[in-house]
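Scroll down for the structure; my scribbles are underneath it.
The values are calculated or read from the model by the stated rules, or taken from the named source; none is laboratory data. Because the structure is a prediction, the values reported are computed rather than measured. No Cβ is skipped: glycine too gets one built from the backbone with ideal geometry, and neighbour counts run over all protein chains shown. Surface areas here come from the heavy atoms of the whole protein model, side chains and all, with no ligands, DNA or RNA. Shrake-Rupley method; radii C 1.70, N 1.55, O 1.52, S 1.80 Å.
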Amino acid sequence: QLQLVESGGGLVQPGGSLRLSCSASGVTLDNYAIAWFRQGPGQEREGVSCIPNSGGNTHYTESVEGRFTISRDNAKNTVYLQMNKMNPDDTGVYYCAAGSACWLGHRSRYEYDHWGQGTQVTVSS
C-alpha cells in the first residue's frame, strides 16, 4: 500500500523560492511516475509537472516552464519540486500523485492512482 506525504509548503514572497517534497512509504517509488498537481482558489486541479520512474523526459505545464524543476531520489523514496521566481499565480494546494505514466494533459489526474493530502503554497507580499 503506497502512501504519499507532501511537505515544504508555506508563505513566500513574489520572486522567492520553495522546495516541495513528496515522501513515500509502504513501497518504493522505483516503478512509479510521479506528478505534481495544484489547485488554486476556485480553480480546477491542474498538472504542474511529472517525472517518469527512470527520471528522464520530465514535463511541465507552460506557466512554470523554466521556473520549476522536478527531480527524484529513489534511494530516499522522495520526489521534489523546486519552485523559483514564484508569483501569486502559483498559489494553491500542491499534491503529489503516483501512477504508471508521466503526462499532464486534460483528465490526466484520473490516471494517477495514489495521492497525498496536499500542502498549501501561498505567494504574497
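Remarks
- Matching residues, segment 35-56, being in contact with a Cys (Cβ under 9 Å, 6 or more places away or on another chain) and under 14 Å from G118 (Cα atoms): A35, W36, F37
- Qualifying positions in segment 17-41 - outside any strand (DSSP E or B), closer than 26 Å to H106 by Cα and either modelled with pLDDT of 95 or more or of a type outside the set (D, E) (or both): L29, N31, Y32, G40, P41
- N31, sole failed condition from (1) open to solvent by 70 Å² or more (accessible area, probe 1.4 Å); (2) more than 17 Å from H114 (Cβ to Cβ): (2)
- Some residue of segment 41-48 being of a type in the set (A, V, I, L, M, F, W, C) and more than 22 Å from L2 (Cα to Cα): no
- For segment 76-125, the set of residues classified as hydroxyl-bearing (S, T, Y) and closer than 18 Å to S21 by Cβ consists of T78, Y80, Y94, Y95, Y112, T119, T122, listed by residue number.
- Top-ranked residue in segment 47-58 [being touching a Lys or Arg at 6+ places or on another chain (Cβ under 8 Å) and outside any loop (DSSP other than H, G, I, E, B); ranked as surrounded by the fewest Cβ atoms within 10 Å (Cβ to Cβ)]: G47
- Verdict on R19 being open to solvent by 10 Å² or more (accessible area, probe 1.4 Å), within 13 Å of the chain's Cα centre (by Cα), closer than 13 Å to T119 by Cβ and not aromatic (F, W, Y): yes
- Qualifying residue in segment 1-16 (condition: exposed (fewer than 13 other Cβ atoms within 10 Å of the Cβ), small (G, A, S), out of contact with any Leu (no Cβ under 6 Å at 6 or more places or on another chain) and at pLDDT 95 or above): yes
- Test result for G66, modelled with pLDDT under 95, open to solvent by 20 Å² or more (accessible area, probe 1.4 Å) and of a type in the set (G, A, S): no
- E44 closer than 23 Å to S100 by Cβ, open to solvent by 60 Å² or more (accessible area, probe 1.4 Å) and either touching a strand residue (DSSP E or B) at 6+ places or on another chain (Cβ under 7 Å) or in a loop (DSSP other than H, G, I, E, B) (or both): yes
- Considering residues of segment 76-125 that are of a type in the set (F, W, Y) and more than 18 Å from T58 (Cβ to Cβ) only, the residue least open to solvent (accessible area, probe 1.4 Å): W115
- A single entry from G16, G42 fulfils the requirement of being of a type outside the set (D, E, K, R), in contact (Cβ under 8 Å) with a residue 60 or more places away in the chain and more than 14 Å from V79 (Cα to Cα): G16.
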